[in-house]
Structure formats: C-alpha cells, structure tokens
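Let me begin by presenting the structure, written as structure tokens, before commenting on it.
Each reported figure results from applying straightforward, stated rules to the coordinates on display, with no laboratory input. Remember, it's a predicted structure, so these values are computed and weren't measured experimentally. Because the Cβ atoms are built from the backbone with ideal geometry, glycine has one as well, and the counts that use them run over all protein chains shown.
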Protein chains: 4
Amino acid sequence: MKEAIRVTVWNEFLHEKTKPEIAKVYPEGIHGAIAKHLRSRSGFEVRTATLDEPEHGLTDEVLKGTDVLVWWGHAAHEKVSDAVVDKVCNRIVSEGMGFIALHSAHYSKVFKRLMGTTCFLKWREAGEKERLWVVAPGHPIAGGISDCFELEHEEMYGEHFDIPSPDELVFIGWFKGGEVFRSGCCFHRGLGKIFYFQPGHETYPTYYNQNVLKVIENAVRWAAPVKRPAPVRGNVQALEKLS
Amino acid sequence: MKEAIRVTVWNEFLHEKTKPEIAKVYPEGIHGAIAKHLRSRSGFEVRTATLDEPEHGLTDEVLKGTDVLVWWGHAAHEKVSDAVVDKVCNRIVSEGMGFIALHSAHYSKVFKRLMGTTCFLKWREAGEKERLWVVAPGHPIAGGISDCFELEHEEMYGEHFDIPSPDELVFIGWFKGGEVFRSGCCFHRGLGKIFYFQPGHETYPTYYNQNVLKVIENAVRWAAPVKRPAPVRGNVQALEKLS
Amino acid sequence: MKEAIRVTVWNEFLHEKTKPEIAKVYPEGIHGAIAKHLRSRSGFEVRTATLDEPEHGLTDEVLKGTDVLVWWGHAAHEKVSDAVVDKVCNRIVSEGMGFIALHSAHYSKVFKRLMGTTCFLKWREAGEKERLWVVAPGHPIAGGISDCFELEHEEMYGEHFDIPSPDELVFIGWFKGGEVFRSGCCFHRGLGKIFYFQPGHETYPTYYNQNVLKVIENAVRWAAPVKRPAPVRGNVQALEKLS
Amino acid sequence: MKEAIRVTVWNEFLHEKTKPEIAKVYPEGIHGAIAKHLRSRSGFEVRTATLDEPEHGLTDEVLKGTDVLVWWGHAAHEKVSDAVVDKVCNRIVSEGMGFIALHSAHYSKVFKRLMGTTCFLKWREAGEKERLWVVAPGHPIAGGISDCFELEHEEMYGEHFDIPSPDELVFIGWFKGGEVFRSGCCFHRGLGKIFYFQPGHETYPTYYNQNVLKVIENAVRWAAPVKRPAPVRGNVQALEKLS
C-alpha cells in the first residue's frame, strides 16, 4: 500500500477576509477550495496553513510532516518572516519537500530565492480570456488534460517572465490581449521538485475549474519526495588508491 | 487501485545460446533475469520477447498491450526488421509507450532513430570497475539508491557519447581506466519517455546487482504512459474570431 | 581577422515558379530574399542551392564548403533524395555544420531525422496575425530584437508541435486565432547546432521583415561550427592502470 | 569591427599574500595569471579587482564597464559585502553581464544566490589527477579542446554537487580517487550567462595550463552580453482588443 502524500496548502488569506467580493468567490479561502479538492481524491493527507497563524502555520513540526507545500500569496509577500522562508527553502532543497507555487506566488520570497532571478513579468488585470496549451504531452502533470483548456477570466501574466529556463515546460498560456506566458513550469532544486502554475487570480473562480484542480493534483503527486539516503557532502576519503 | 504496468522485456537472446560462459551467467537469458526481478515487485505484469520469435515477439497485439518496453541487444541490431522498428518507434512517440534501452541497446535501431544522432561512443572490454554516481538526487529513477554504487566488472563506455543532451541526467559513470560516461539518461520523445542505462555487458552478472535492478524497476515506473487524450494535429479551425 | 561563415541557402523553389502570386512576392525566390540580406551583412560568404539542381545543389563539394545550411521546403519534401539527406545529416551531426530549418522545413526529411519524432503540428492558413515573444532575452539569437514583434499575416502553426524539448527555447508565437507555438527552438545534435524558426509561409512577405531577417542572421552566426579536433570513438586503450 | 569584450578578473587575493608556497605559484596572484592570458588574446579589454580594494574593486563604474566578470574566491566569501553582491547579481540578471565562477567560487555569495541551492559538494585535497572530458563537443566553450585533458594535480570536487541542472553541461571531471564532477556548467539567469568551471585550487599551477586558459577565454567570449532593448515588465496595456 502506497503511503499517502502529506500536503499542506498555504494561503496568505487576506483578500478573502477584507474584500467581500472575493470572500464571495472563496468563502473558505483559496486554501479551502484547493484543500477540498485534494481531500476528495485518494492518496492525500491534507492540511492548511495561513499567514496569520503562529509561524504562519509552518512550524518545524508541520514542515517536517509536509511532503508537498502548495503556496498562494499576493499582497503580503514581505510579511512572511525570513526565518520561515529559510526553513521552507531548506526543507525543499535539502530534504526534498515539493513546492507548488500558484499564480502571484511567482513573487513570493521562497520562489524568488529558489530561482535566483527577479521573477518579474508583465501583467494586466482585465479579466480577459486565457487558454492554456499542453506542450509536454507525456508529462505526468498533463495527465487527464486535453490539448488545451480555457479560463474565461484571468489576470494576464506575460513574457518575459524572469525565471531560469524550466527543467520541463508543461503549459504555455495564450491571452486574448496578445501575450503568451510559460504558465506551467517544473524545476528541480537540490532534492526538491518545484512546479509553478500561473492561473489563479483571487477575483475569479479559477480554483473551482476542474482542469486547474486536476493540474494541481497531478503536480502534487509529481512533486512528492523520492525516498533515498541523503547525499553525503563535505570532506571525504578517496575510494580508490591514489598512487 | 492503481493499474499494473504492463512490461515487455525484450532480448536478442543470442549470446546466451551460443556461448557457454554467458549461458552460465544468464541461464534464463538476460531477459529472464530482469523479468524475474520485476515479477517479484508489486505493480507489474511482465512478459518477455526475443529476436527469434515471429515478429521478434513484438506483434501488434503485444505492443498494444505493452506500457513499457525494456530492450537489450548487441550483436544483432541489424537483424531487427525495419517494420518492427517502425511500429516500436510509433508506439513510443505517438502512443506513449515507455522504452528502457539497456547497455549496448545504445546502438539499436530503435534508440538511434529516436535520438537522431550516431549514438556512437568509446568502449573497452577489460572487466574494469565502474562506479555510478547519482547527479539528480530528487529524480524518481534514483529512488532507494545511495550517492554511488559500484560494479566490480563492467565494459567501459566512454565520452563523447553521441546523443542529444538528456532531458534529465541521473547517473554519471566513473571507470577505473580513466573515462566517464553519462550512464543514466532520460529523454522525452513525443508522448513517450525513454531511459538509457549503460551497465549490463553480457559476460558479467550485472543484472543480478540489486542497485541495477532497482534502477530498472524505477525507470519502468517512471516511463509508464500518462493517460490523456491523444494530441490533435493537422488542419484546425480558429478558436477565436480572426477579424 | 575572423573568417567568414560560409552559408548555403537552400530552397525547394517550386511555388515561386508555378504560382504567379508567389512569384510576385519572391521574384528571386525565397532563397534569393534571404541570401540578399545575408550578403548585405558582414562576415558571410553566401551561396544558394535548389531542388532542381543536380544533387539538389548539395554536392559533396558544396556541403564540405558550407558552415551553415539554411533550408526552406514545403511541397516537395519527398523529392529530396535519401542520399542527399544522409549526407546533410552526417555533415551536421558528425562534422558540425549548422542547420537552420525555416517554417515548413519542420516536416523536411532532414529535420525529422534529426529530431526522431513526427514533427507534426496544428496548422491553419488564414493569414492571421502572429506575434513572436522573446523568452530567452540573453540568447544571441534574440540580439537586436525587442520584447516581441508582429507579422501581420502568417500561417498558424500550433501546439502540440511534436519535437523533443528544445535545448534552448528562444521565441514563443501568439496567434490571433487562439493558438501558441514554440516558434524559435535551438537543438544540439552531435557536433551540429540546429535552429528551427517558424515564420515564413510562401504567400506572405515574411522574409523581407527586418526582425525575421535579423533572427535568421543571428541564427546563422550562432550555428557556425566550433573548431576542435573530431571526437575519437570506438575501441580505446585504458588511460590509467587497470590493476 | 567587433567591439572588445571588457573583462574584469576578480580575486579575493589572500592566499597569495599570506602563504609563501602559493605566492611562489602565483607571484602576481591568480587574477594576474588569468588576466595575463586574456591580455595576450585579441578582443579583450582586461582589468583586475580584489577583495581589499574599496568596494572590493567593484564600484558602480567598474561594474557598468564590465561585460564579463571572472571570479575566484575561497577563504573569504563571507567578507564580500552584501551590497556588492546585490549589485553584481543585479548587473548579471537584469543587465546581462557574464559571470565566470572559478573553482571554489561555487561557494561564493554571488554564485549561491544565482543558483538558489546550497552549492555544496564533496571535496578532498590530495593533489590527485583529474581528467576533464568534453560532453558537448559542439559548444563554443569546448572550442580548441580535445576529447579530454589532464591536470596532474587538482583538488577533488565530487558529486552530488548541489546546483540546478546546468542549461548546458560542457565538461565532466574524472578523479583518480573515484569521483566524478560536473566540471563545466552553463547557466542562463535573466539576461546573464554564467559558466562554472571547477579546476583551480590555489596550490597548483592550474591557471597556467593552456587548456584551462583556453576554456576560460572561450567562456568569456560566450558569456558576453547580447545587445538588445531591456525587457519591459510590470503593468501593460492590451495589444489586442479585449472584446
């Protein structure tokens, strides 16, 4: 019996509390919508955490018990403490926790530190149509997804998106207003696997879209840690005779 | 309940029949040794096929029923019919069958056609020590494998190995005689996933080594097809108004 | 003084001879338009070759004297002899000649053999607008190109484009009708560098567009061979004592 | 006439001043040895900078006038001010300055920040033999280099080296003691190109080796910035009608 993947869905959870029109879209928060879907699928143990909780809900114990961390943030990136960012990055790179960065999490402290670039991009909030195209049809994150799917209303994110070349590019987004975007990007950093997925502006019901939820679910399965001994680093003896 | 992965282990199966010293190492053939291991693990349905069978054992029905094809060949690459090569390549690229090319299968018709390069390399048959190092510690094919593992006797394969840059490089081999080799390489071609794994000269008991068997098992799981609708190609109508 | 790059611009040169409306756009052929631009720039020695010439204009002598081969073909891929294809591929992979595949050359014998995949795609001939976005802003092929540039009328080529993941993805195309395309793709195969560039349907004046010409010029410079000894392959002696 | 590439060779320049045996190897400093070679080759304007100079010799004016920065550091990574690191990283990622990280610069602040990983590795100081193999024979950084070259005495650096997968892997190192290493690695970050090159322990005359010098020279040429308008980012208007 395969063990369940322990997922923590993190959300800054601000817009939903301060803006009624957003609360209406996500009455249980964006984290709630995503967690609800994952809980409905087999093979996951799901919890949530938010900015306002002690240590943003990401205590050592929670992190240690998290195989994959899903992250949504937008307005409060700077309020995430550097101590927590250090721990999250360390848990990803050195211990293999997966990390799913959603939408505006492109500009979160964790994602920017993992990328080493500015992670800046073009954007426009006009509720325009986006169509996401699969460019890696054999990739597990594209499982169950057709050639493309549409989101009637999304925030535009456009190139050039200042990230390293993704190790695997799974989706490219087309926007009505004329831009394109690398919308689904895989990265390997240390022992950890990272997936960036662009859809999910807070004013639209993106996280109820069945394709979006399927992609997130696939990404969580893909990003789960691999079991193997930790790499040995530092000063070592020769394995062969040197003379 | 996850469905079993249907694996076909193909072997040209010549050396084992003509050379007693090799028959001694692999009394049931190289395919037999690999199939035995996979059968001992959960989640696989395993069959074998060999060169001398009709259509080399790879009939339309067998191919259709194969999720991942493991391939060992050396002396008889040219005896594999082009018709079978066509079908195997099509099943990989257009239908997503996984393909695990072992050792001298670097020079098989299927692998060369998938790569588009000569696939030539340096080699030496001196029974020297090889040590395989993990360079992608978060990759599922490295699951359960330590920093490195040794094979007391292997054929040397050395760079430059004329392949496209692997989409993911998992192992690098160190050889006693002074060479290195990209020994574990992942490629994505169309819907299919391909893994090349260098160890496995017929005169050594490589396919009884627990690390080697674990890597092959991991690779088969990694290469299993993803379920999704086949891509639509050809002439299409516009999805948006053109004027 | 840096040596000139010897470029051969190959064109099947059929549409221009049989269709007056195309002859009007390219009175000297597509090859003529491209060659004219390259000749106006410093550092190139340019010749052209076409399908109807003996050996398609690609004799051993011409190939040996070609550093980078630019290729446009559409209607007559099957008329290119396998002997010439063999020589061209060998010159690329084993001797380092660069290869620039333009537009419908995605389906040329040479390109398909180098890729190992079907190279099939979606397409629509509706003269719609395309906008090409730079996604690798530090890449030499993007030199002198702004964030994006537009082509008022192009044939749509859409994903999924069945190629291996490009080693470097430089341009993504946006199409008015709703599709995206990996429009500028770099590949390394053996000693050779390959660039696929999607614009260039024969009915539009694409090869007079200054951005398109600049990209082709950049690509030729990028694809020029590197001078170094040919790799040694085959059976070799040990470089270190084996016992 | 092509413009000269403006190179700044930076060295922490401590060992050479405090340890006579190292001063003997590099009487003009490691930076001096590298700068001397580059000055002997056409197409470069070379200056040097060291840790003890004001702003470590990397003032705004120097950085602005630097196309490619070569970096050697070992014992004093922590003494490099964060302000200078910020500026160097910004000049690379946002303005396209090339960066060549030599040997123990794998652990410099700049390199670690660009990578987003720990950049840790195995190491051993035993003066053992290293042999560097070319695995990307068509890459400009391999220009003029044979299949492999040897360094009689080097510090061993071994896998797993905790870096992102290189965008292009050019060299793999073989060590007498049994390890391998990704010794020549290209990365693209923002507008900048980065090359990590492993040889160069301060106690050995590595930076007089003609192959090593040739690789550094090639890398500087490869890493020179590409001229094009800076990417536009931030809030933008639609390029097409949204309704």
**Complete:** Measuring from its Cα centre, the protein assembly as shown shows a charge dipole (+1 at each Lys and Arg Cβ, -1 at each Asp and Glu Cβ) which, in debye to the nearest 20, is 0
**Complete:** Between D:LYS241 and C:GLN210, Cβ-based FRET efficiency (R0 25 Å, step 0.05) works out to 0.45
**Item:** Positive-end extreme of charge dipole, the range A:112-243 - chosen from A:ALA238, A:GLY177, A:GLY143 (charges on Cβ)
**Value:** A:ALA238
**Prompt:** Between C:PRO205 and the same site in the other copies, what are the distances in nm, shortest first, taking label points 7 Å from Cα along the C-beta direction?
**Reply:** 5.0, 6.4, 7.6
**Fill in**
To the nearest 20 debye, the range C:1-53 has a Cα-centred charge dipole, built from +1 on Lys and Arg Cβ and -1 on Asp and Glu Cβ, of 260
**Whole-number D in µm² s⁻¹ for chain A, Kirkwood Cα-pair radius fed into Stokes-Einstein, 4 °C, 1.567 mPa s** = 70
**Item:** For the protein assembly as shown, diffusion coefficient by Stokes-Einstein and Kirkwood Rh (Cα), 20 °C, 1.002 mPa s, µm²/s
**Value:** 74
**Prompt:** Using the alpha-carbon atoms, what tilt in degrees (0 to 90, nearest 10) does helix D:82-93 show relative to the longest principal axis of chain D?
**Reply:** 70
**Request:** Per residue of A:87-99, count partner chain C-beta atoms within 10 Å of its C-beta, then hand back the mean as an integer.
**Result:** 2
**Distance (nanometres) between label positions extended 7 Å along Cα→Cβ at D:ALA75 and A:ARG47** = 4.8
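Provide a whole-number value for the mean count of partner chain Cβ atoms within 10 Å of the Cβ atoms in peptide A:164-170.
6
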**Prompt:** At C:ALA126, with labels set 7 Å past Cα in the Cβ direction, how many nm apart are the copies from this one, shortest first?
**Reply:** 2.0, 6.4, 6.7
**Complete:** Dividing the mean separation of Cα pairs under 8 Å (6+ apart) by the residue count of chain A yields a relative contact order in percent of 20
**Asked** Quick one: what Rg and Dmax do you get for the range B:83-155 from the alpha carbons, in Å?
**Response** 15.5, 42
**Request:** Please give, to one decimal in nm, the separation of the simple spin-label points placed at A:ARG39 and B:GLU55, each 7 Å out from Cα toward the Cβ.
**Result:** 5.1
**Request:** In debye, nearest 20, what is the charge dipole magnitude of the range A:143-211 about its Cα centre with +1 on Lys and Arg Cβ and -1 on Asp and Glu Cβ, if you could check?
**Result:** 260
**Asked** What are the lysines whose alpha-carbon lies under 25 Å from the alpha-carbon of B:LYS241, with same-chain residues fewer than 8 places away excluded?
**Response** A:LYS122, A:LYS129, A:LYS176, C:LYS122, C:LYS129, C:LYS176, D:LYS241
**Asked** Taking the alpha carbon gyration tensor of the range A:1-125, what are the square roots of 5 times its eigenvalues, largest first, to the nearest whole Å?
**Response** 22, 20, 14
**Request:** Consider all pairwise Cα distances in the range C:81-206 and report the whole-number % of them above 21 Å.
**Result:** 39
**Identity and axial distance of the chain C residue whose Cβ lies nearest the axis relating C to B, Å** = C:GLY116, 2
**Prompt:** Put +1 on the Cβ of each Lys and Arg and -1 on the Cβ of each Asp and Glu in the range A:45-172; which of A:GLY98, A:LEU114, A:GLY57 then has its Cα farthest toward the positive end of the dipole?
**Reply:** A:LEU114
**Prompt:** Using alpha-carbon positions, what is the distance between the centroids of the range B:78-141 and the range C:94-159, in Å?
**Reply:** 28
**Request:** Between the label point of A:PRO229 and that of the same position in each other copy, find the distances and list them shortest first in nm, with every label point placed 7 Å from Cα along the Cα-to-C-beta direction.
**Result:** 3.9, 4.8, 5.6
